[in-house]
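Report on one structure; see the data block that follows.
The values are calculated or read from the model by the stated rules, or taken from the named source; none is laboratory data. The shown structure was predicted, so the numbers you read here are calculated from the model rather than taken from an experiment. No Cβ is skipped: glycine too gets one built from the backbone with ideal geometry, and neighbour counts run over all protein chains shown. Note: accessible area is taken over every heavy atom of the protein model, side chains too, but ligands, DNA and RNA are not part of it. Shrake-Rupley method; radii C 1.70, N 1.55, O 1.52, S 1.80 Å.
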Amino acid sequence: MRLAVLEAMNAATSRRRAGVMVTRLADGGQRFVEAAEIGADPLAAELESALRMGKSGLVTIEAVEYFLTVLAPSPRLTLIGAVHISQALAPMARSVGLDARIIDPRTAFATPERFPDTPVIAQWPDAPLEAEPPDRYTAICLLTHDPKIDDTALRIALRSDCFYIGALGSKKTHAKRLERMLAEGFDEAALARIHAPIGLDIGAVSPPEIAVAILGEVVAALRKKPPPPDGLAR
């Protein structure tokens, strides 16, 4: 491996940036393509697919074989609210490879005893989210039902490029949430990123069922190719 390629990979890793190492099997030629640069690469479609699915593998393009090695940070799931749904969702998230953590300033709920295997941060969301900003491999779920707490995290999430934002609450509750965010200067395009009511519509009732619905929606946001804007074909 050439030193320049290795340095590019190490730099991406240190900044939690994703990319793909492309190795041409015929002669061993290599290049590392960061996610932000994939669109300009001759193998753009193949690289985008490999990165989205998080899978390395062999591809053949015009009779030329390439091995694509995916380099991507572990996806994070930040749960705002040490609630019953979070108790069910955190272990489910770990089982599919998501690094879950709980943030909730209410110390009566945010305790290691209630979340024995999950990092719990008993602070207002702004401090931990600003210390470790959400990136394109971060999902944020707002679960407290308390606008004072949820909105604090939502403002930061909307200003980031996190891949998923979900918010608990009814359509009426969400409408009020949108009014508050519009009043703070967020536009319709930014607010359209919020999945609310949170989770896939599977008729979930209990906290574990709601957790399943949320996890399904998070995984879909991470892995599925997003639809084209305005219904245009891609």
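In the chain, a dipole from Cβ-located charges (positive for Lys and Arg, negative for Asp and Glu) runs towards its positive end, and of Trp124, Pro207, Leu77 it is Pro207 whose Cα lies farthest in that direction. Largest accessible area first, the listed residues Glu217, Glu7 line up as Glu7, Glu217 when surface is computed with a 1.4 Å probe on the assembled protein chains.
For the residues Tyr66, Tyr164, a 1.4 Å probe over the protein chains yields an accessible-area ranking, largest first, of Tyr66, Tyr164. For the range 39-46, backbone phi angles converted through the Karplus equation (6.51, -1.76, 1.60; θ = phi - 60°) give residue-by-residue couplings of x, 8, 8, x, 9, 3, 4, 5 Hz, Gly and Pro being listed as x. Remark: the chain carries a charge dipole of roughly 240 debye about the Cα centre, counting +1 on each Lys and Arg Cβ and -1 on each Asp and Glu Cβ. Estimated at the nearest 10 Å², the accessible area of Phe115 is 10 Å² with a 1.4 Å probe. Heavy-atom accessible area, probed at 1.4 angstrom with all protein chains present, ranks Met9, Met181 as Met9, Met181, highest first. Taking the DSSP bridge list for the range 1-102 and keeping only pairs wholly inside it, about 80 percent are antiparallel. Mind giving me the FRET efficiency for Val5 and Ala63? R0 is 25 Å, r the Cβ-Cβ distance, nearest 0.05 is fine. E between Val5 and Ala63, to the nearest 0.05, is 0.55. Averaging the Cα positions of each part gives two centres, and for the range 51-82 and the range 94-141 these lie 24 Å apart. The simple spin-label model puts a point 7 Å past each Cα toward its Cβ; for Met53 and Thr13 those points are separated by 2.5 nm.
The convex hull of the Cα atoms of the range 62-114, projected and averaged over all directions, covers 5.5 nm².
A full extension of the chain between His84 and Ala175 corresponds to an added length of 30.4 nm, given 0.36 nm per residue minus the alpha carbon distance. Each Lys and Arg Cβ is given +1 and each Asp and Glu Cβ -1; about its Cα centre, the range 92-137 then shows a dipole of about 160 debye. Beta bridges assigned by DSSP with both partners in the chain are antiparallel in approximately 50 percent of cases. Listed by chain and number, the lysines whose C-alpha is less than 23 Å from the C-alpha of Lys224, apart from same-chain residues fewer than 8 away, are Lys55. Per-atom-type breakdown for the range 1-116 gives carbon and sulfur 55% of the accessible area (1.4 Å probe, protein chains only). Here the alpha carbons of the chain define both size measures, Rg and Dmax, at 19.7, 62 Å.
Give the angle, between 0 and 90 degrees and rounded to the nearest 10, that separates the Cα long axis of helix 207-223 from the longest principal axis of the Cα atoms of the chain. Result, in degrees: 30. Exposure check, 1.4 Å probe, all protein chains in place: Arg136 carries approximately 120 Å² of accessible surface. Just want the answer: with Cβ charges of +1 for Lys and Arg and -1 for Asp and Glu, which residue in Leu6, Pro134, Met181 is farthest toward the dipole's positive end in the chain? Most positive-ward Cα: Met181. Summing +1 for each Lys or Arg and -1 for each Asp or Glu among the other residues whose beta-carbon sits under 15 angstrom from that of Ala72 gives +2.
When the helices of the chain are scored as -39500 (n - 2.57) per DSSP H run of n ≥ 4 and the total is divided over every residue, the value at 222 nm lands at -11000 deg cm²/dmol.
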